[in-house]
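The structure appears right after this line, and notes come after that.
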Ligand SMILES: [Zn+2]
Ligand SMILES: [Zn+2]
């Protein structure tokens, strides 16, 4: 009985561990699908503007831009998840050990300054920033640039999707600020379950809401981490108001993104130089 309960608990734990990544992937692809639909079929939603504004070439530019952002989000997220931030495989110790080094009793090893143990990942992480619940993995020295680059493209993609969905809000509010339109914008699930709106209207309202909320959330994360990167701080150091490892703005940029940091919007993987 105990082993069955343990197995069920392990399964649920594993599911919870992967759930945020699965949910985020679903949302990213749903938003891209909806914006592609808006570009290809519906945009602009006003019928009298369709032929004049949205030529085939203009639609192609829109589609290329959004798929460029989608590929970069997925590519950087994949590199982030594939890059283990732990100290496993790194030679530590010997004469280099000095002030600031600690001993991790869980991993049974000496760890350098800025390294700390993560009880979710169950490893010591080099230059640990924080444990990201959305990816289910720690952000550390090895995968920090992929994390930043993923945030950059998510921010660009959500800004674009929010602007594209502005017309959805305009169409919903065209009937005026009524109880129906306000509830559709704020509580689309309730409107769908109670049969007040069609599945199509729900899907548009839900994705438009997700774009706005996602944009606000990602903006906060992106600008906070951009600010930390410029200051050469980790989140833990920011909490304790210390920045002992700052190398100056340019030095911090080089340290986080590589010597060719200005090319990180193309591929952060080859910025190290
Ligand atoms: Zn440890
Ligand atoms: Zn962790």
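The values are calculated or read from the model by the stated rules, or taken from the named source; none is laboratory data. Just so you know, these numbers come straight off a predicted model, no measurement behind them. In this analysis, Cβ positions are derived from the backbone assuming ideal geometry, glycine residues included, and neighbour counts consider all displayed protein chains.
Report yes if residue 147 is buried (at least 16 other Cβ atoms within 10 Å of the Cβ), at pLDDT below 90 and under 23 Å from the mean Cα position of the chain (by Cα), otherwise no. Spelling it out, it is not the case that residue 147 is buried (at least 16 other Cβ atoms within 10 Å of the Cβ), at pLDDT below 90 and under 23 Å from the mean Cα position of the chain (by Cα).
Looking at the structure I just gave you, is residue 257 surrounded by 14 or more Cβ atoms within 10 Å (Cβ to Cβ), over 25 Å from residue 27 (Cβ atoms) and in contact (Cβ under 8 Å) with a residue 40 or more places away in the chain?
On the way: surrounded by 14 or more Cβ atoms within 10 Å (Cβ to Cβ): yes; over 25 Å from residue 27 (Cβ atoms): yes; in contact (Cβ under 8 Å) with a residue 40 or more places away in the chain: yes.
Judged against the criteria, residue 257 is a match.
For segment 94-144, filtering for residues that are closer than 17 Å to residue 218 by Cα, within 16 Å of ligand 1 (Cβ to nearest atom) and at pLDDT below 90 leaves 0. State whether the residues of segment 116-123 include one that is in contact (Cβ under 8 Å) with a residue 12 or more places away in the chain, more than 16 Å from ligand 2 (Cβ to nearest atom) and surrounded by fewer than 18 Cβ atoms within 10 Å (Cβ to Cβ). The answer is no; no qualifying residue exists.
Of the strands (runs of 3 or more DSSP E) entirely within segment 119-202, those holding at least 1 residues that are in contact with a helix residue (DSSP H, G or I) (Cβ under 7 Å, 6 or more places away or on another chain) occupy 130-132, 137-139. Are any of the residues in segment 180-197 assigned by TED's automatic domain parsing to the domain that holds residue 224 and within 16 Å of ligand 2 (Cβ to nearest atom)? The answer is no, given that none of the residues of segment 180-197 is assigned by TED's automatic domain parsing to the domain that holds residue 224 and within 16 Å of ligand 2 (Cβ to nearest atom).
Among the residues of this structure, residue 216 does not count as one that is closer than 19 Å to residue 126 by Cβ and assigned by TED's automatic domain parsing to the domain that holds residue 156.
One residue stands out in segment 101-115 among those that are in a strand (DSSP E or B) and within 16 Å of ligand 2 (Cβ to nearest atom): the one that is surrounded by the fewest Cβ atoms within 10 Å (Cβ to Cβ), namely 104.
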